[in-house]
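A.B. asks: Just dropping this structure here.
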Amino acid sequence: MSRKSYDRVLRTLIRKGAIIDYYVDHMRLENGMEEDFDFIDHKGAAAVVAELPDGRILMVRQYRNALDRETLELPAGGRTSREEPTDLTAMRELEEETGYHCEKVEKLISFRSTVAFCNELIDVYAAQNLTGGKQHLDPDEFLNVEAHELDELIGMIYDGTIEDGKTIAGLLAYARKYR
(Lines give C-alpha, C1' and ligand atoms only; values in the text may rest on other atoms or scores of the structure.)
Protein backbone atom coordinates (compact mmCIF):
# COMPACT_ATOMS: atom_id res chain seq x y z
CA MET A 1 0.00 0.00 0.00
CA SER A 2 1.32 3.41 -0.91
CA ARG A 3 1.52 6.24 1.53
CA LYS A 4 0.75 9.84 0.78
CA SER A 5 3.88 11.95 0.78
CA TYR A 6 2.45 15.10 -0.80
CA ASP A 7 -0.04 17.65 0.49
CA ARG A 8 -1.85 20.06 -1.80
CA VAL A 9 -1.55 23.55 -0.31
CA LEU A 10 -3.36 25.41 -3.09
CA ARG A 11 -5.00 24.62 -6.45
CA THR A 12 -5.20 27.55 -8.86
CA LEU A 13 -7.29 27.45 -12.03
CA ILE A 14 -5.16 28.81 -14.86
CA ARG A 15 -7.55 28.24 -17.75
CA LYS A 16 -10.98 26.70 -18.13
CA GLY A 17 -11.13 25.02 -21.53
CA ALA A 18 -13.72 23.37 -23.71
CA ILE A 19 -12.36 19.87 -23.01
CA ILE A 20 -9.99 20.27 -20.07
CA ASP A 21 -9.34 22.61 -17.18
CA TYR A 22 -5.72 23.50 -16.46
CA TYR A 23 -4.58 24.06 -12.87
CA VAL A 24 -1.36 24.61 -11.00
CA ASP A 25 -1.22 22.76 -7.68
CA HIS A 26 1.12 24.16 -5.06
CA MET A 27 2.33 21.06 -3.18
CA ARG A 28 4.22 20.41 0.05
CA LEU A 29 6.51 17.42 -0.28
CA GLU A 30 7.31 14.85 2.36
CA ASN A 31 10.67 16.51 3.03
CA GLY A 32 9.01 19.92 3.60
CA MET A 33 9.97 21.41 0.25
CA GLU A 34 7.25 23.06 -1.83
CA GLU A 35 6.78 22.63 -5.55
CA ASP A 36 4.25 23.55 -8.25
CA PHE A 37 2.69 20.70 -10.25
CA ASP A 38 0.64 21.01 -13.43
CA PHE A 39 -2.77 19.33 -13.27
CA ILE A 40 -5.25 18.75 -16.07
CA ASP A 41 -8.83 18.00 -15.03
CA HIS A 42 -10.86 15.96 -17.53
CA LYS A 43 -14.44 14.70 -17.16
CA GLY A 44 -13.63 11.35 -18.78
CA ALA A 45 -14.14 9.71 -22.14
CA ALA A 46 -15.15 6.52 -23.87
CA ALA A 47 -14.00 4.66 -26.96
CA VAL A 48 -15.47 1.74 -28.85
CA VAL A 49 -14.08 -1.21 -30.77
CA ALA A 50 -16.90 -1.72 -33.26
CA GLU A 51 -16.87 -4.93 -35.29
CA LEU A 52 -18.70 -5.16 -38.59
CA PRO A 53 -20.44 -8.43 -39.56
CA ASP A 54 -17.46 -9.32 -41.79
CA GLY A 55 -15.08 -9.04 -38.81
CA ARG A 56 -13.44 -5.75 -39.75
CA ILE A 57 -13.07 -3.04 -37.12
CA LEU A 58 -14.34 0.50 -37.67
CA MET A 59 -11.72 3.21 -37.31
CA VAL A 60 -11.66 6.95 -37.85
CA ARG A 61 -8.90 8.97 -39.46
CA GLN A 62 -8.76 12.55 -38.25
CA TYR A 63 -6.45 15.51 -37.82
CA ARG A 64 -4.97 15.96 -34.35
CA ASN A 65 -3.64 19.42 -33.58
CA ALA A 66 -1.21 18.26 -30.87
CA LEU A 67 0.63 16.13 -33.47
CA ASP A 68 -0.12 18.36 -36.49
CA ARG A 69 -1.15 15.34 -38.55
CA GLU A 70 -3.87 12.78 -39.06
CA THR A 71 -4.13 9.69 -36.85
CA LEU A 72 -6.03 6.42 -37.13
CA GLU A 73 -8.11 5.87 -33.98
CA LEU A 74 -11.06 4.09 -32.49
CA PRO A 75 -14.27 6.13 -32.47
CA ALA A 76 -14.23 8.00 -29.17
CA GLY A 77 -15.17 11.14 -27.36
CA GLY A 78 -15.57 12.91 -24.08
CA ARG A 79 -18.48 12.59 -21.71
CA THR A 80 -21.01 15.42 -21.87
CA SER A 81 -20.86 15.56 -18.06
CA ARG A 82 -19.21 13.64 -15.24
CA GLU A 83 -22.58 11.97 -14.62
CA GLU A 84 -23.03 10.61 -18.16
CA PRO A 85 -22.54 6.82 -18.19
CA THR A 86 -19.60 5.99 -20.43
CA ASP A 87 -21.48 3.20 -22.22
CA LEU A 88 -23.85 5.89 -23.51
CA THR A 89 -20.87 8.07 -24.45
CA ALA A 90 -19.40 5.17 -26.45
CA MET A 91 -22.64 4.46 -28.30
CA ARG A 92 -23.22 8.16 -29.01
CA GLU A 93 -19.71 8.66 -30.35
CA LEU A 94 -19.93 5.51 -32.49
CA GLU A 95 -23.07 6.83 -34.18
CA GLU A 96 -21.86 10.43 -34.47
CA GLU A 97 -18.47 9.55 -35.91
CA THR A 98 -19.21 6.48 -38.04
CA GLY A 99 -22.95 6.47 -38.67
CA TYR A 100 -23.25 3.00 -37.14
CA HIS A 101 -25.60 2.22 -34.27
CA CYS A 102 -25.62 -0.56 -31.68
CA GLU A 103 -28.14 -1.48 -29.01
CA LYS A 104 -25.56 -2.30 -26.35
CA VAL A 105 -21.85 -2.34 -25.68
CA GLU A 106 -19.66 -4.49 -23.45
CA LYS A 107 -16.90 -2.95 -21.35
CA LEU A 108 -13.42 -4.12 -22.27
CA ILE A 109 -11.02 -2.02 -20.23
CA SER A 110 -10.65 1.21 -18.26
CA PHE A 111 -7.40 3.12 -18.04
CA ARG A 112 -5.89 6.45 -17.09
CA SER A 113 -4.34 8.10 -20.11
CA THR A 114 -1.61 10.23 -18.50
CA VAL A 115 -1.29 9.78 -14.74
CA ALA A 116 1.62 12.18 -14.30
CA PHE A 117 -0.50 15.29 -14.85
CA CYS A 118 -4.06 14.37 -15.87
CA ASN A 119 -6.99 12.54 -14.23
CA GLU A 120 -8.63 11.44 -17.51
CA LEU A 121 -10.26 8.01 -17.29
CA ILE A 122 -11.17 6.31 -20.55
CA ASP A 123 -13.54 3.36 -20.69
CA VAL A 124 -13.26 1.23 -23.84
CA TYR A 125 -16.20 -0.87 -25.02
CA ALA A 126 -16.83 -3.55 -27.63
CA ALA A 127 -19.77 -3.20 -30.02
CA GLN A 128 -21.18 -5.83 -32.35
CA ASN A 129 -24.48 -6.26 -34.21
CA LEU A 130 -24.10 -2.86 -35.82
CA THR A 131 -26.69 -1.21 -38.01
CA GLY A 132 -25.81 1.50 -40.50
CA GLY A 133 -26.98 5.04 -40.45
CA LYS A 134 -25.68 8.52 -41.03
CA GLN A 135 -22.77 10.35 -39.41
CA HIS A 136 -23.67 13.22 -37.08
CA LEU A 137 -20.36 15.06 -36.91
CA ASP A 138 -19.89 18.16 -34.81
CA PRO A 139 -19.33 21.32 -36.91
CA ASP A 140 -15.61 21.22 -36.09
CA GLU A 141 -15.16 17.48 -36.83
CA PHE A 142 -13.77 16.30 -40.13
CA LEU A 143 -12.97 12.61 -40.21
CA ASN A 144 -13.04 9.62 -42.50
CA VAL A 145 -14.34 6.21 -41.53
CA GLU A 146 -12.27 3.16 -42.41
CA ALA A 147 -12.64 -0.56 -41.74
CA HIS A 148 -9.61 -2.78 -41.14
CA GLU A 149 -8.90 -6.38 -40.23
CA LEU A 150 -7.94 -6.75 -36.56
CA ASP A 151 -4.62 -8.42 -37.43
CA GLU A 152 -3.77 -5.50 -39.70
CA LEU A 153 -4.52 -3.04 -36.89
CA ILE A 154 -2.41 -5.01 -34.40
CA GLY A 155 0.43 -4.87 -36.94
CA MET A 156 -0.03 -1.09 -37.16
CA ILE A 157 0.39 -0.86 -33.39
CA TYR A 158 3.71 -2.69 -33.49
CA ASP A 159 5.06 -0.88 -36.57
CA GLY A 160 4.28 2.52 -34.98
CA THR A 161 1.50 3.57 -37.36
CA ILE A 162 -1.04 3.58 -34.52
CA GLU A 163 0.28 5.54 -31.53
CA ASP A 164 -2.93 6.61 -29.80
CA GLY A 165 -3.15 5.11 -26.31
CA LYS A 166 -6.91 4.46 -26.21
CA THR A 167 -6.72 2.77 -29.59
CA ILE A 168 -3.80 0.58 -28.58
CA ALA A 169 -5.41 -0.41 -25.26
CA GLY A 170 -8.79 -1.03 -26.86
CA LEU A 171 -7.54 -3.11 -29.78
CA LEU A 172 -5.25 -5.26 -27.64
CA ALA A 173 -8.00 -5.85 -25.05
CA TYR A 174 -10.45 -6.73 -27.83
CA ALA A 175 -7.98 -9.10 -29.48
CA ARG A 176 -7.33 -10.90 -26.18
CA LYS A 177 -11.03 -11.25 -25.35
CA TYR A 178 -12.52 -12.05 -28.74
CA ARG A 179 -9.78 -13.64 -30.85
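The values are calculated or read from the model by the stated rules, or taken from the named source; none is laboratory data. Just so we're clear, the structure is a prediction, and the values are computed from it rather than from any experiment. Glycine also receives a Cβ, built like all others from the backbone with ideal geometry; neighbour counts cover every protein chain displayed.
A.B. asks: Given (1) assigned to a loop (DSSP other than H, G, I, E, B); (2) not assigned by TED's automatic domain parsing to the domain that holds L13, where does E70 come up short, assuming only one miss?
C.D. replies: (1)
A.B. asks: Exactly one of these conditions fails for E30: (1) touching a Leu at 6+ places or on another chain (Cβ under 9 Å); (2) not assigned by TED's automatic domain parsing to the domain that holds I154. Give me its number.
C.D. replies: Of (1) touching a Leu at 6+ places or on another chain (Cβ under 9 Å); (2) not assigned by TED's automatic domain parsing to the domain that holds I154, only one is false for E30: (1).
A.B. asks: OK, next. Any residue in the stretch 121-129 that is surrounded by fewer than 19 Cβ atoms within 10 Å (Cβ to Cβ), within 30 Å of M27 (Cβ to Cβ) and not acidic (D, E)?
C.D. replies: yes
A.B. asks: Looking only at the stretch 157-167, count how many residues are surrounded by fewer than 18 Cβ atoms within 10 Å (Cβ to Cβ) and either touching a residue at least 12 places away in the same chain (Cβ under 8 Å) or under 10 Å from E73 (Cα atoms) (or both).
C.D. replies: 4
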